[in-house]
Amino acid sequence: MKANSGKLTIGAGRPNGSWLMLLLLLAALVPSVCLLWFMNQAVHNERLAVRQKLADAYRANLSFAQNQLEAYWRQTAGALDTDAERLSPPALFAKQVRAGMADAVICLDSTGNVAYPSPALAPRLATPDIAWVLAEGLESNKPTEAAAGFARLAGQATNADLAARALQAQVRCLVKAKQTEAAIAVLTGPLEEERYRHAADAQGRLLVPNAELMALELLRDSAPDRARATLELLKKRLLDYDDSALSAPQRRFLMHEVQRLFPDEKLSPMLAAEDLAARCLEAGPIHAGEPALRPTALSGVWQFASARGRVVSLFQTEALVERMRAAIASQLLPADVSLTFLPPGKELERSLLIQPAGASLPGWRLALALNDQRLFDTAAEQRIASYVWIGVLVVAMVIVLAALALRLVRRQMALTQLRNDLVANVTHELKTPLASMRLLVDTLLNSQPLHEQTAREYLQLIAQENLRLSRLIDNFLSFSRMERNKYAFGFKEVPATDIVEGAITAVRERFNVPGCQFETHIAPDLPSVVVDADALVTAVVNLLDNAYKYSGEEKHITLSATAENGSVFFAVKDNGIGLSPRDTKRIFKRFFQVDQRLSRSGGGCGLGLSIVKFIVTAHQGNVRVESQPGRGSTFTITLPRAEAHPGLEAKAASSLS
Ligand code: ADP
């Protein structure tokens, strides 16, 4: 207990319990944090577990796909060798590409040299005679005469190569002489004869397809219909892979030329295959080792050699993957997963299961991923949500329990403190009247001779102190019982006037002094109230005592009792020091005193009003105060009248019995 600017408060000076709060906070926080950590771990593990379960379920599917893939490549290697036995290299090339078995093919001979796309054919030399030289001499100045000379040479030549070359030279001269029609007539006439089919120039290039290309260039703009007929002829020749006479470089060159002249003509996939094979051969050597898919020197292009190393298939990555996908009976895979072929070095995020693609595909891996990732998430999330809920509930429970424990402990601490305050207060308050009584008695004993008048005055003073002591002890006892919940009320139905009279009797003597004007107003026909009469008289006397204590020299105290609307009112009015609005809210608290010195001199310890409130509340009534500083206060106790008080009537009946 500590005096603070004149006010007595309990609890001040005792440990404020913040360490306790901290301790309890920790007690709640540490398990909560641990729980959250465990939950986090559990959530993580749950995700892994769900992933593992799904992966286990699909592992067999992936192995099945791998076996199918392995079988496909084995079969491919075998088929390539069989074809290599039966077909010429160009025919094998065309078959593989047309059947979509490969993007291009390189055929090797038994010594490991490239057989197709072969380099240019061997040069085909034929010695021109003097007439040829003469015709050539006229070509630049007299192209018409030169043309006639070459025509003659063509007619006389017995060698098909020479005859065709002469016709070609004739065409050249006619073009120079601006005789385009005549040139076209030669190109589409004599040169198309069957005997020139394999005629070649000195570099081994076939002459007829070249002548057809020339005719196309001449006819394209002037006679589109005739050009189309020649185009068909040339296309047929270019796409005829059974005729091995056309070298791969010439075929490729002519295909590009046709494509240039007629961009709409479809020469793929053969042109693309020729290009791919040529680019690969240029880029680096081809490995015809064991049958396995390997990268080529060309980025994004893969090679697969046949078992006996006679054929090497070439694949571009996307087309390769498509081919492998087609090779696997994808319909046997579950619909909710998709299979991905991962080339070496490539990764797939969110893949469920990955395993090597097999011996034929070194470095490649097969990956299974869920089509709808949400499927996995929902499965995991349901479990996670339940974990989170349990976690939240447990944390909430821990917090609630901690809060309850905190309240309990604080309450206990407050009670202990209260007890300590009470002991200190009681000791102090009891000492004051005892000390003054002792002083009076000592003075009386030491007085020689003892004057009767003085003795009487002293004895009166001692009686007053005695009374004050009794009141204090009464209050302490009431308070102590009240605190221990041991205050037993004996309810009885009594007339309200009895309460007023009891209170008047208790204070009459004390108030009957000069300077104290005590008035009572008791309304006629006051109803009965169900009360513990002694307790209620104590409450009213406490209010009257306060009115006396906290009024100045000229005291004017009024006790009134009225009844209205089923309630009985006991009001104590004084003209004393009054209370500030702030203090009116606090005076009913235990040990609260507005001015400690004033209270002490009047013999109080801040319990009177809290006892009043306790008693009145137990009677299901209330006590209120209206006050103005310096102008006095009015304390009013309101009680329900007996008829309006069935609960207490019952109590009264039981206490009577
Ligand atoms: P105390 O024993 O100190 O009188 P109470 O509980 O009876 O304790 O009163 C609490 C405080 O309320 C008093 O200390 C006093 O400051 C104030 N108080 C009570 N009654 C009156 C009143 N009639 N006029 C002014 N102040 C009062």
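Each residue of region 354-362 was assigned a 3J(HN,Hα) from its phi angle through the Karplus curve 6.51 cos²θ - 1.76 cosθ + 1.60 (θ = phi - 60°); the sequence is 10, 8, x, 7, x, 5, 6, 10, x Hz, with glycine and proline shown as x. With the gyration tensor restricted to C-alpha atoms of the chain, the semi-axes of the equivalent ellipsoid amount to 132, 28, 23 Å, longest first.
Comparing T584, V568, A535 along the charge dipole axis of region 485-656, the residue lying farthest to the positive side is T584, per the Cβ-charge model. For K176, the aspartates and glutamates whose Cα falls under 16 Å of its own Cα, not counting residues fewer than eight places away in the same chain, are E136, E139, E145, E217. In the chain, if the dipole is taken from +1 on Lys/Arg beta carbons and -1 on Asp/Glu beta carbons about the Cα centre, which of A327, V186, V500 is farthest to the positive end? It is V500. Taken about its Cα centre, region 240-352 carries a charge dipole of roughly 320 debye when the Cβ of each Lys and Arg holds +1 and the Cβ of each Asp and Glu holds -1.
Would you give the gap between the C-alpha center of region 239-271 and the C-alpha center of region 525-544, rounded to a whole Å? Taking the Cα centre of each part, region 239-271 and region 525-544 sit 125 Å apart. Between F518 and I557, the built amide H atoms are under 5 Å apart, and every one of these is 5 or more places off in sequence or on another chain. Taking label points 7 Å from Cα along the Cα-to-Cβ direction, I399 and T505 give a separation of 6.0 nm.
Scoring 458-464, 268-274, 209-215, 80-86 by mean Cβ neighbours within 10 Å over their residues and listing the highest first yields 209-215, 268-274, 80-86, 458-464.
What's the local net charge at V540, with K and R +1, D and E -1, over the other residues with C-beta under 12 Å away? For residues surrounding V540, the net value is -4.
Shown in residue order for region 103-109 are the 3J(HN,Hα) couplings computed by the Karplus curve 6.51 cos²θ - 1.76 cosθ + 1.60 at θ = phi - 60°: 6, 6, 9, 10, 9, 10, 8 Hz (x for Gly and Pro). Among the listed pairs K549/K589; K492/K613; K492/K589; K95/K266, those whose Cα-Cα separation exceeds 25 Å are K492/K589. Cα gyration tensor of region 461-583, axes a ≥ b ≥ c as square roots of the eigenvalues: rounded (a/c below 1.5), prolate (a/b > b/c) or oblate? Oblate is the answer for region 461-583, as a/c is 1.5 or above yet b/c matches or exceeds a/b.
Per residue, the accessible area of the chain comes to 53 Å², computed with a 1.4 Å probe over protein heavy atoms only.
Of the trypsin sites (Lys or Arg not before Pro) found in region 124-204, those that fall in a DSSP loop while having at most 14 other beta-carbon atoms within 10 Å are K178. Phi angles across region 288-303 convert, under the Karplus curve 6.51 cos²θ - 1.76 cosθ + 1.60 with θ = phi - 60°, into 3J(HN,Hα) values of 9, x, 6, x, 7, 7, 10, x, 9, 5, 8, 5, x, 10, 10, 10 Hz, Gly and Pro given as x. Amide hydrogen proximity for V301: with H placed 1.01 Å from N in the peptide plane, the residues at 5 or more positions away or on another chain lying under 5 Å are T296. Here the dipole of region 22-127 is about 200 debye; that uses its Cα centre as origin and unit charges on the Cβ of Lys and Arg (positive) and Asp and Glu (negative). Using a probe of 1.4 angstrom, how much of the accessible area of the chain is carbon and sulfur, in percent? About 57 percent, which is the carbon plus sulfur part of the accessible surface.
The values are calculated or read from the model by the stated rules, or taken from the named source; none is laboratory data. Computed from a prediction, not measured in an experiment: that's the story for all the values here. Ideal geometry is used to build each Cβ from the backbone, glycine not excepted, and the neighbour counts take in all protein chains shown. Heavy atoms of the whole protein, side chains included, go into the accessibility calculation; ligands, DNA and RNA do not. Shrake-Rupley method; radii C 1.70, N 1.55, O 1.52, S 1.80 Å.
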